[in-house]
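**Q** Before I ask anything, let me first share the structure, which is written out below as C-alpha cells.
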Amino acid sequence: MGNKVPTREEALKLLHQYNESDSLRKHAYSVEGVMRYIAKKRGEDEEKWGIIGLVHDLDYEKYPDQHCTKTREILEKEGWPEEYIRAIVSHGWGICSDVEPKTVLEKTLYAIDELTGLVTANAMVRPSKSIMDMTVKSVGKKWKSPAFAAGVNRSIIQNGADMLGVEIGELIEDTIMGMRQVADETGLRGNVTG
C-alpha cells in the first residue's frame, strides 16, 4: 500500500495520460472545482479533496466496463494512499462499485459527480452559455424535468444529499459556486461580462 501523498501535478498527468476526451477532462476539472469549494467551506483539506475529484473518473475513457476497478489498479501501482483510492472507488457505489461512501469526502464526491453534469447541461442551454450568471432556481427547474439531461441520475444526487444531510438547493448552490472557480478550464465562463 502506498502512503505517498500525490500532488495535483501527478494527478493531472495521470488524468491526461488516461483521458484524451475534452469533455471527460472538463468534467474532471468541474468535479475538482466543486470538491475544493466544499472542502474549503467545511474546513477540510482542499488539496486532497481536489485531487480525488480530479482523478475520480481516471479509468472511464479507456476501461468503461471496468470503471472504478481499473482506477484502483492504476493508483495502487502508482503508490497512492488507500484513503484516496477508497474515496474514488466509492463514487461508483451501487453502479460499478460495492464500496459505500462513508466519510464526508466520499459522500460529497458521490453526490456532486452527477450534479456537475446537470449544471453543465444547464449552462449550455443558457443564452450566456455561462455558469457565472446561473442561479439555483434555474437548475432546480431543470432538476424537475426528467427529459432534460436525461442521462443524469437524479436519484444518486438525492441519495448523496440525504447522506450528507443537506438540501438539494444547498448542494446545487455549492456545485455552481465550485464550478465558477474553474469556469475558464471548463469553457463555461460564456459571454457574461463582469
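**Q** Whole-Hz ³J(HN,Hα) for each residue in the stretch 122-138, computed from phi via Karplus 6.51 cos²θ - 1.76 cosθ + 1.60 with θ = phi - 60°, x for glycine and proline: what do you get?
**A** 5, 4, 5, 9, 6, x, 7, 6, 10, 8, 6, 10, 6, 10, 4, 4, 5
**Q** I would also like to ask the following. Which of the peptides 152-165, 174-187 is most tightly packed, and how do the rest follow, going by the mean number of other Cβ atoms within 10 Å of each residue?
**A** Final packing ranking: 174-187, 152-165.
**Q** So what J values fall out for the stretch 5-22 if you push phi through Karplus, 6.51 cos²θ - 1.76 cosθ + 1.60 with θ = phi - 60°, rounded to Hz, Gly and Pro as x?
**A** These are the phi-based 3J(HN,Hα) values: 6, x, 8, 5, 4, 5, 5, 5, 4, 5, 4, 5, 5, 9, 9, 9, 5, 4 Hz.
**Q** Before anything else, pin down the relative contact order of the chain: Cα pairs under 8 Å, at least 6 apart, normalised by residue count, whole percent. Please list the in-between numbers first.
**A** Numbers: 295 pairs, mean separation 47.4, N = 194.
Once normalised by length, the contact order is 24 percent.
**Q** Further, regarding this structure: Could you pull out every residue, at least 5 positions away or on a different chain, whose amide H is within less than 5 Å of the one on Thr103? Hs are placed 1.01 Å off N in the peptide plane, and Pro or chain starts have none.
**A** It is none; the list stays empty.
**Q** Using a basic spin-label model with each label point 7 Å from the Cα along Cα→Cβ, how many nm lie between Asp98 and His16?
**A** So the two model labels end up 3.8 nm from each other.
**Q** Could you give each residue of the stretch 173-181 its phi-based ³J(HN,Hα) in whole Hz, using Karplus coefficients 6.51, -1.76, 1.60 with θ = phi - 60°, and x for Gly or Pro?
**A** So the J values, rounded to whole Hz, are 4, 4, 5, 4, 4, x, 6, 5, 5.
**Q** Consider a paramagnetic label point 7 Å from the Cα of Lys129 along Cα→Cβ; state which residues of the stretch 151-192 have an amide N under 11 Å from it.
**A** Residues 187-192 qualify, since their backbone N sits under 11 Å from the label point.
**Q** At a 10 angstrom cut-off on C-beta neighbours, averaged per residue, how do the peptides 115-121, 26-32 rank from highest to lowest?
**A** The peptides rank, most packed first, as 26-32, 115-121.
**Q** Tell me, in nm to one decimal, what length is gained between Lys41 and Tyr63 on full extension, where the rule is 0.36 nm per residue of separation less the Cα-Cα distance?
**A** Gain in length upon complete extension: 4.5 nm.
**Q** Students often check this: by mean Cβ neighbours within 10 Å, which of 53-59, 145-151, 10-16 ranks highest, and how do the rest follow?
**A** On the way: 53-59: 26.1, 145-151: 10.9, 10-16: 17.0.
Packing proxy ranking, top to bottom: 53-59, 10-16, 145-151.
**Q** Between Ser155 and Glu73, how high is the FRET efficiency from 1/(1 + (r/R0)^6) when r is the Cβ-Cβ distance and R₀ = 41 Å? Nearest 0.05.
**A** Computed FRET efficiency for Ser155 and Glu73: 0.90.
Bear in mind these aren't lab numbers, they're just calculated from the coordinates by the rules spelled out. All values reported here derive from a predicted model rather than from experimental measurement. Glycine also receives a Cβ, built like all others from the backbone with ideal geometry; neighbour counts cover every protein chain displayed.
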